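Report on the structure given below.
The values are calculated or read from the model by the stated rules, or taken from the named source; none is laboratory data. No experiment lies behind these values; they were computed from the predicted model shown. We place every Cβ from the backbone using ideal geometry, glycine too, and count neighbours over all the protein chains shown. In case anyone asks, the SASA skips ligands and DNA or RNA and just uses the protein heavy atoms, side chains included. Shrake-Rupley method; radii C 1.70, N 1.55, O 1.52, S 1.80 Å.
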Amino acid sequence: MPGFHDRPIIYEVNTGIWLNELSAKYQRRVTLDTVPSQEWDFFASFAVNSVWLMGIWKRSPEGRQMSGSVPDWIDEFRSILPDFKPDDVAGSPYCIQEYSVELSFGGPAALASARDSLKRRGLNLILDFVPNHVAPDHPWLTDHPEFFIQSENGNPPGRQDLFANINGRWLAHGRDPYFPPWPDTIQVNAFSPALRQAAGQTLVRIASQCDGVRCDMAMLLLNEVFHRTWGDLAGSPPPVEYWTETISTVRRQFPEFLFIAEAYWDLEWTLQQLGFNFCYDKRLYDRLVHENANSVRSHLRADLSYQNRLLRFLENHDEPRAARVFAPARHRAAATAVATLPGGKLYHDGEFTGRHTKVSVHLGRRPEEPVDRALLDFYASLLEASATISEAGGRWQLLEASGWPDNQSCQNILAWSWTSAERRFLVAVNFSDGPSQARILLPWSNLASGSWRLHDLMTPDVFECGGPEIASHGLYVDLQPWRSHVLSFERLG
């Protein structure tokens, strides 16, 4: 069975909110080392192999104060929590003062205990690394100001919203070149050899405490992107990429350590070549949300060596909730596609139960929402079906669906197969709001010899098909809007 390194299936949880909710549930302070065993069992009950404890590191007190004072952010908090109180502001987990475990979460020993609890259940631990910026009260600001982007010749900058005056120096705020700067952060200089060395040492310490990291906005550190963003303020691009240096530093001590890139702008392949095991597949997400089956199919024609190293998702803490973005039927169709494609998978706490409210990472509390039991049951069946396919292993292949001159609804049907030495599976998804029919050409030899029983892994449905018919003309499927088949093939006789 493909495992963590071949196909990570990750469950993301906001650590601060989770521990706060557990504390309320059990009427005592719950830290990572005192989480009741049944709560760890909850993660293991899903067919996942990894848990991402998002936001584990020490948050900046200065950043927390800023989080509670920006008017636009306060308006957002009130829209999320109608009963919002200032104490609800926890500060951004991406405004990191220090890569040590929050003391309120129990500190480093508690994290080690949590990792052990996960390991006993066959689960790996993913943590965060934020390479692009640090908090304004990070120790490097005092000890190593040379690590940061500074205004030209130390003079006051023309645009003071891009810089902060810290200890008499004008230091840049962290930023994505297409958006305003993040005012609670300070921008590191990715071209600085000393900064790279310090970042590598930080990553080694992180790697000693977990099995992999999700690297925030990883593409911002690429030489070309960084130079385009900061120009002469960064100096000359080094001959070696930031990620080549830092990843190799970690892999010398932890060769199996997993690197996941939050990546956009069609830079996923570039980051894979620099050492990342997996990169976000934001393109697939956007197509599933906004486009049709032809668009999704086009995306899935990419080389399999590339697709095997993409991390697919319908939700994470940066995206709106899937239950809000997708109509219920489309949600299930998209989820079926994601769960049965090659590559890794990322699921977000609350996705399975139909939460609608996207919670700001600055908050330590989220609103109560009812559980969508039907959606939860659907995801339980889907993850079980996905696990059955994964356990068989095998090779994925995109399939063609053909129609008839007077019926081209086949264009709405996405289809692929998984083939191993002993098992064969077919996934067919009607990614449209109309009934669709197609003949799906199967890639397997010896179909014509005998008959076949097809079990739908998502329903009690069982079908029997003659081998010569499907070998000659393909498997006929007739799917109602947004409906799917996840079929296991069994030879009869």
Filter result (open to solvent by less than 30 Å² (accessible area, probe 1.4 Å), small (Gly, Ala, Ser) and in contact with a strand residue (DSSP E or B) (Cβ under 9 Å, 6 or more places away or on another chain)) within segment 68-118 | ALA90, GLY91, SER92, GLY107, ALA110, ALA114
Where a residue in segment 12-35 is more than 14 Å from ARG365 (Cβ to Cβ) and of a type in the set (D, E, K, R) and its partner, wherever it lies, is assigned to a strand (DSSP E or B) and at pLDDT 95 or above, with Cβ under 6 Å and at least six apart | GLU12/TRP52; GLU12/MET54; GLU12/HIS348
What tally of residues in segment 241-286 results from selecting those that are open to solvent by 60 Å² or more (accessible area, probe 1.4 Å) and either under 18 Å from the mean Cα position of the chain (by Cα) or more than 23 Å from ASP211 (Cα to Cα) (or both)?
-> 4
Of all residues in segment 263-284 being of a type in the set (D, E, K, R) and in a loop (DSSP other than H, G, I, E, B), which is nearest to TRP52 (Cα to Cα)?
-> ASP281
Which residue out of ASN165, ASN124 is more than 29 Å from ASP72 (Cβ to Cβ) and open to solvent by 20 Å² or more (accessible area, probe 1.4 Å)?
-> ASN124
Selection within segment 163-199 - over 21 Å from ILE247 (Cβ atoms), of a type in the set (A, V, I, L, M, F, W, C) and under 29 Å from the mean Cα position of the chain (by Cα) | ALA172, PHE179, TRP182, ILE186
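Within segment 209-229, identify whether any single residue is within 30 Å of PRO108 (Cβ to Cβ), open to solvent by 60 Å² or more (accessible area, probe 1.4 Å) and not hydrophobic (A, V, I, L, M, F, W, C), and answer yes or no.
no
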Is it the case that some residue within segment 453-472 is hydrophobic (A, V, I, L, M, F, W, C), touching a residue at least 40 places away in the same chain (Cβ under 8 Å), assigned to a strand (DSSP E or B) and open to solvent by less than 60 Å² (accessible area, probe 1.4 Å)?
-> no
Looking at ALA428, is it open to solvent by 50 Å² or more (accessible area, probe 1.4 Å) and either part of a helix (DSSP H, G or I) or at pLDDT 95 or above (or both)?
-> no
Across segment 1-30, which residue is modelled with the lowest pLDDT among those that are assigned to a loop (DSSP other than H, G, I, E, B) and open to solvent by less than 10 Å² (accessible area, probe 1.4 Å)?
-> PRO8
When every residue in segment 473-485 that is in a strand (DSSP E or B), closer than 15 Å to SER402 by Cα and without any contact (Cβ under 8 Å) to a residue 60 or more places away in the chain is compared, the one least open to solvent (accessible area, probe 1.4 Å) is LEU475
Of everything in segment 434-452 that's assigned to a strand (DSSP E or B) and open to solvent by 20 Å² or more (accessible area, probe 1.4 Å), which residue is farthest from LEU475 (Cα to Cα)?
-> SER451
Within segment 132-162, which residues are open to solvent by 80 Å² or more (accessible area, probe 1.4 Å) and β-branched (Val, Ile, Thr)?
-> THR142
Taking the stated definitions as given, is GLU422 of a type in the set (Asp, Glu), surrounded by fewer than 21 Cβ atoms within 10 Å (Cβ to Cβ) and farther than 24 Å from ALA302 by Cα?
-> yes
Pick out the one residue from LEU376, LEU399 that is without any contact (Cβ under 8 Å) to a residue 60 or more places away in the chain and more than 26 Å from PRO320 (Cα to Cα).
-> LEU399
By residue number, the members of segment 309-354 that are open to solvent by 10 Å² or more (accessible area, probe 1.4 Å), aliphatic (A, V, I, L, M) and over 24 Å from PHE42 (Cα atoms) are VAL325, ALA327, ALA329
